[in-house]
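The block underneath contains the structure these notes are about, expressed in structure tokens.
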């Protein structure tokens with residue numbers, strides 16, 4: 001909850017005037033503010049497109065993650081709505097924040113992609129195993145070849161590598177292909193990403209899929225304001241953890257327009273003056289969210305939503321969907337579908353210690369609703385497994 005600065009810690013300005021009091025927001029207050037902005041206190045009636053823009057994109061490393069994320073937030077969401085948006089090219093999947101795949105509206109795709117292209121290029125040259133093979137390469141020629149090849153039709157990275165190897169025989173094929181993957185504006189194409197559909201991980205160029213190259217870039221001030229609307233109150237370090245971009249100077253430029261708080265450790269937090277900040281004791285319903293949901297990745301200090309010391313990466317290597325269970329607003333367990341004889345079950349595994357029996361009915365109710373979304377019309381069961389350490 002908000003608290004005034006402790007007595008004796010206030011200071012005066014040089015002109016003798018008192019500075020504005022800076023309220024402290026405790027962990028629960030930050031948690032409730034985050035849940036409110038993420039539509040996880042109350043489901044809303046809203047379109048999938050407007051919600052994706054409100055959240056500044058949705059994590060889409062696995063194609064079905066945005067569907068579950070929208071189900072957790074919207075009343076009556078049906079997967080066909082998002083599938084239509086992808087099929088009609090109103091939304092697209094592409095690499096953006098943290099060099100990871102996100103689903104965004106096409107309008108945001110044009111404005112956001114230019115801001116993140118330098119991040120992708122640095123990630124390739126300095127943070128990938130392929131960049132060291134390309135320090136002396138003609139990157140301009142490689143990018144131009146990549147645009148031509150990927151603009152012809154959607155292709156996989158493996159296909160791209162084979163074709164580039166023919167043009168640049170003295171270069172490592174994978175290094176060439178991933179150079180194009182990182183440094184040429186590309187989008188992922190259907191059928192992958194359509195609910196219930198499979199298909200190769202294929203990409204093509206912005207120009208080929210959306211009709212023109214990305215741009216103009218969204219103003220950095222606007223991106224900070226949108227981040228705070230979705231994830232605030234937050235610090236520049238928090239935004240960097242979410243985006244991979246250094247924005248401290250932009251926060252300082254916006255300071256006169258923002259409200260300033262501190263967390264319990266004294267860190268300065270910024271927020272929109274009218275951003276929702278519910279009371280810390282506001283009830284938070286059980287919610288099941290997909291793994292890698294941006295609510296779990298949006299802050300340098302994740303204790304406002306995650307147990308301290310709990311690492312991310314619950315998504316299994318074999319591609320089985322799973323995610324996080326929010327109880328009283330915090331990640332207390334993970335969920336995973338499993339097929340039983342004659343039924344589709346959802347296994348809930350708590351962290352640290354088992355969920356109290358008093359909390360299990362609400363978790364089970366929400367889990368059955370998710371099962372009906374994932375596998376409508378089938379027999380459903382919910383199981384509570386032993387707690388993980």
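Quick rundown of the values:
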read-out: Matching helices (runs of 4 or more DSSP H) fully within the stretch 89-205 where at least 3 residues are more than 30 Å from residue 47 (Cα to Cα) and touching a residue at least 24 places away in the same chain (Cβ under 8 Å); value: 106-127, 139-152, 173-183
read-out: Some residue of the stretch 318-328 being within 24 Å of residue 362 (Cα to Cα), surrounded by fewer than 20 Cβ atoms within 10 Å (Cβ to Cβ) and at pLDDT 95 or above; value: yes
read-out: Candidate set: the stretch 349-383, residues that are free of Cβ contacts under 8 Å to residues at least 60 places away in the same chain and in contact with a helix residue (DSSP H, G or I) (Cβ under 6 Å, 6 or more places away or on another chain); chosen: the one farthest from residue 77 (Cα to Cα); value: 382
read-out: Filtered residues of the stretch 154-193 (kept if under 30 Å from residue 84 (Cβ atoms) and over 28 Å from the mean Cα position of the chain (by Cα)); value: 159
read-out: Checklist (1) within 14 Å of residue 293 (Cβ to Cβ); (2) crowded, with 20+ Cβ neighbours inside 10 Å; (3) touching a strand residue (DSSP E or B) at 6+ places or on another chain (Cβ under 8 Å) applied to residue 91, failing item; value: (1)
read-out: Residue check for residue 254: at pLDDT 95 or above and over 19 Å from the mean Cα position of the chain (by Cα); value: yes
read-out: Number of the condition not met by residue 212 [criteria: (1) surrounded by fewer than 20 Cβ atoms within 10 Å (Cβ to Cβ); (2) over 23 Å from residue 84 (Cα atoms); (3) more than 25 Å from the chain's Cα centre (by Cα)]; value: (2)
read-out: Positions within the stretch 137-175 being within 21 Å of residue 113 (Cα to Cα) and in contact with a helix residue (DSSP H, G or I) (Cβ under 6 Å, 6 or more places away or on another chain), in sequence order; value: 142, 143, 145, 146, 149, 151, 157
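Every residue, every condition in (1) touching a strand residue (DSSP E or B) at 6+ places or on another chain (Cβ under 7 Å); (2) in the same structural domain as residue 96 (by TED's automatic domain parsing); (3) surrounded by fewer than 16 Cβ atoms within 10 Å (Cβ to Cβ), yes or no:
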| position | (1), (2), (3) |
| --- | --- |
| 219 | no, no, yes |
| 230 | no, no, no |
| 260 | yes, no, yes |
| 277 | no, no, no |
| 290 | yes, no, no |
| 294 | yes, no, no |
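The values are calculated or read from the model by the stated rules, or taken from the named source; none is laboratory data. In this text the structure is predicted, and so the values were computed from the model without any measurement. Using ideal geometry, Cβ is built from the backbone for each residue, glycine included, and neighbour counts are taken over all protein chains shown.
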